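Okay, structure first, notes after.
The values are calculated or read from the model by the stated rules, or taken from the named source; none is laboratory data. Everything quoted here is computed from the prediction, not taken from an experiment. Glycine gets a Cβ as well: all are built from the backbone with ideal geometry, and neighbour counts include every protein chain shown. For the accessible areas, the whole protein counts, side chains as well, though only heavy atoms, and no ligand, DNA or RNA atoms are used. Shrake-Rupley method; radii C 1.70, N 1.55, O 1.52, S 1.80 Å.
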Amino acid sequence: MASTEDSVFSDGAASEPVPTDLQAFAVQLRRMNGEINRVIHGFAAGHDLHATDVQALAAILDSDDPLTPGRLREHLGLTSGAVTACLDRLERAGHIRRSRDSQDRRVVHLHYAAGAKAAARAFFRPLAAATESARVRFTDDELSVALRFLAAMNEELSELRARQR
């Protein structure tokens, strides 16, 4: 049986010990970020969008509550004017729709358009398949640890961004 320092692949074959130092994490996170950015830029180019527009779409899609332009501005770290231009492009392209809050008409909510979701799903299907291919190589316990690590990284990065403002 493989030791805890060995990585076991889906075929059961053990590999060399996997380094877990800070540099190893930094290298792998940069590589993953670069690969995901390439996919995002491909989607953006194919839909006449900027990469920032795709980040805005992801934020709108991932938000538990409807985002407002102000919350999106904070999330993306952009100026109000840049967010307005981004939202105008996304709305013209049919990716989002804006609606007024029924209680306070001054509040605008951002919604991902249903047709745009279908286009995004079709484009990102290979990324989802690659994620699933990697995911099935790990046990539920390993995935739980990986998700805890990613959540902790996102929390740390969010706090770092807040301190840099």
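State whether one or more residues within segment 107-114 are of a type in the set (A, V, I, L, M), part of a helix (DSSP H, G or I) and more than 30 Å from Thr20 (Cα to Cα).
Here is the first cut: in segment 107-114, the ones of a type in the set (A, V, I, L, M) are 107-108, 110, 113-114.
Still in the list and also part of a helix (DSSP H, G or I): 114.
With more than 30 Å from Thr20 (Cα to Cα) added as a condition, the list becomes 114.
Yes.
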Review point. Hey, Ala119 hits all of (1) part of a helix (DSSP H, G or I); (2) exposed (fewer than 11 other Cβ atoms within 10 Å of the Cβ); (3) modelled with pLDDT under 95; (4) not acidic (Asp, Glu) but one; which does it fall short on?
Key: (2)
Review point. For segment 124-132, does any single residue satisfy the condition of being part of a helix (DSSP H, G or I), open to solvent by less than 40 Å² (accessible area, probe 1.4 Å) and without any contact (Cβ under 8 Å) to a residue 24 or more places away in the chain?
Key: no
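At pLDDT 95 or above and over 19 Å from Asp88 (Cα atoms), is that true of Arg137? Write out each step before concluding.
Working: at pLDDT 95 or above: yes; over 19 Å from Asp88 (Cα atoms): yes.
Considered against the rule, which asks whether it is at pLDDT 95 or above and over 19 Å from Asp88 (Cα atoms), Arg137 comes out as yes.
Suppose we filter segment 39-90 for residues that are of a type in the set (Ser, Thr, Tyr) and part of a helix (DSSP H, G or I); how many remain? Lay out the reasoning, then the answer.
Our first condition is that a residue be of a type in the set (Ser, Thr, Tyr); within segment 39-90, this holds for 52, 63, 68, 79-80, 84.
Narrowing the set further to residues that are part of a helix (DSSP H, G or I) leaves 52, 80, 84.
Going through segment 39-90 one residue at a time, the tally reaches 3.
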Review point. If you check Arg100 against the conditions, is it at pLDDT below 95, farther than 14 Å from Phe43 by Cβ and open to solvent by 80 Å² or more (accessible area, probe 1.4 Å)?
Key: yes
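Can you tell me how many residues within segment 67-88 are open to solvent by less than 60 Å² (accessible area, probe 1.4 Å) and within 20 Å of Ala116 (Cβ to Cβ)? Explain how you work it out, then say what you get.
Initial filter on segment 67-88 (open to solvent by less than 60 Å² (accessible area, probe 1.4 Å)): 67-70, 72, 76, 78, 81-83, 85-88.
Applying the additional criterion that residues be within 20 Å of Ala116 (Cβ to Cβ) yields 67-69, 72, 76, 83, 85-88.
Count: 10.
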